[in-house]
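The values are calculated or read from the model by the stated rules, or taken from the named source; none is laboratory data. Because the structure is a prediction, the values reported are computed rather than measured. With ideal geometry, Cβ positions are generated from the backbone for all residues, glycine too; neighbour counts draw on all protein chains shown. Only protein heavy atoms, including side chains, enter the accessible area calculation; ligands, DNA and RNA are left aside. Shrake-Rupley method; radii C 1.70, N 1.55, O 1.52, S 1.80 Å.
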Amino acid sequence: MKLHSRHDSQIDGASKLLFRTTDGRLIETVILRIASGRTSLCVSSQVGCAVRCRFCATGQMGIALNLTRDEILDQVIQANHQLRAEGRSIRNVVFMGMGEPLLNEAEVYQALDVLLSPKCFGLSPAHVLVSTVGIPDAMLRCAERFPRLGMALSLHSARQEQRESLIPLARRYPLELLRKAMEQVTSIQRHPLMIEYLLLDGLNDTDQDLHALIAYLRGLRVHINLIPYNPIREGS
């Protein structure tokens, strides 16, 4: 892929890389410079996303085209080239960019095999995380194939009606079904399941939402990550 542009944040030190694929489409990759000194990379697995989460700029694109293994890995290679002048290298990779990774299982799994191979990138499974909006069967397949890998679930509400309004795919995979998958995943994987919860003022951050979240996650080995909402422009 060709680097189309680079945008460096003056707030948190992140760098957004915009790449153009061989068929002319643009994807985003974000370098995260953690205060502890670690360097993480947020990679994309698709062009666009068909999940259409209401709060997500990528979801507004609608179209979802799978990236290949090589296009996923190229993001890591080129980010490392960008970081060379800083004396840094990518030590953590998170699949939290454009697209739903578990709707592109074959290519994502091949990319993970290369990232984790001692003969290739040699990343520790503890330093690689796959984020999903919640596709139960695929979550279980991922956990069974990569039991030492990190996994994150974009939950955002523990109330079914509310979650459906935020994530249309939740109609197909209701919270009850998702809870069973979470139980299976946490019984297989070494690390706690990360729960991503985007805070939307007055929408999913009420006392009712808090109590629903506590009840829903009770008994599970999880880590909750509260995320502040960054507004998006319509059509961005």
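Data overview
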{"item": "Residues of the range 161-172 satisfying the condition of being more than 17 Å from LEU198 (Cα to Cα) and either of a type in the set (A, V, I, L, M, F, W, C) or in contact with a helix residue (DSSP H, G or I) (Cβ under 6 Å, 6 or more places away or on another chain) (or both)", "result": "ARG171"}
{"item": "Among (1) out of contact with any Gly (no Cβ under 9 Å at 6 or more places or on another chain); (2) modelled with pLDDT of 95 or more, the one test that GLN10 misses", "result": "(2)"}
{"item": "Top-ranked residue in the range 66-81 [being open to solvent by less than 60 Å² (accessible area, probe 1.4 Å) and in contact (Cβ under 8 Å) with a residue 40 or more places away in the chain; ranked as nearest to LEU140 (Cα to Cα)]", "result": "LEU67"}
{"item": "Some residue of the range 172-179 being of a type in the set (D, E, K, R), closer than 25 Å to SER44 by Cβ and touching a Phe, Trp or Tyr at 6+ places or on another chain (Cβ under 8 Å)", "result": "no"}
{"item": "Pairs with Cβ under 6 Å, 6+ apart, first in the range 9-36 and crowded, with 17+ Cβ neighbours inside 10 Å, second aromatic (Phe, Trp, Tyr)", "result": "ILE27/PHE19"}
{"item": "Residue match in the range 189-196 (condition: of a type outside the set (Lys, Arg), modelled with pLDDT under 95 and either buried (at least 16 other Cβ atoms within 10 Å of the Cβ) or in contact with a Pro (Cβ under 7 Å, 6 or more places away or on another chain) (or both))", "result": "yes"}
{"item": "Subset of the range 149-176 [open to solvent by 50 Å² or more (accessible area, probe 1.4 Å) and under 12 Å from TYR216 (Cα atoms)]", "result": "ARG159, GLN160, GLU176"}
{"item": "Residues of the range 99-111 that turn out to be surrounded by fewer than 24 Cβ atoms within 10 Å (Cβ to Cβ) and either of a type in the set (A, V, I, L, M) or within 7 Å of SER45 (Cβ to Cβ) (or both), as a count", "result": "4"}
{"item": "Residue, modelled with the lowest pLDDT, within the range 197-220, restricted to residues that are in a loop (DSSP other than H, G, I, E, B) and of a type in the set (D, E, K, R)", "result": "ASP201"}
{"item": "The range 111-127, residues that are more than 12 Å from GLY150 (Cα to Cα), touching a Leu at 6+ places or on another chain (Cβ under 9 Å) and in a helix (DSSP H, G or I)", "result": "ALA111, VAL114, LEU115, LEU116"}
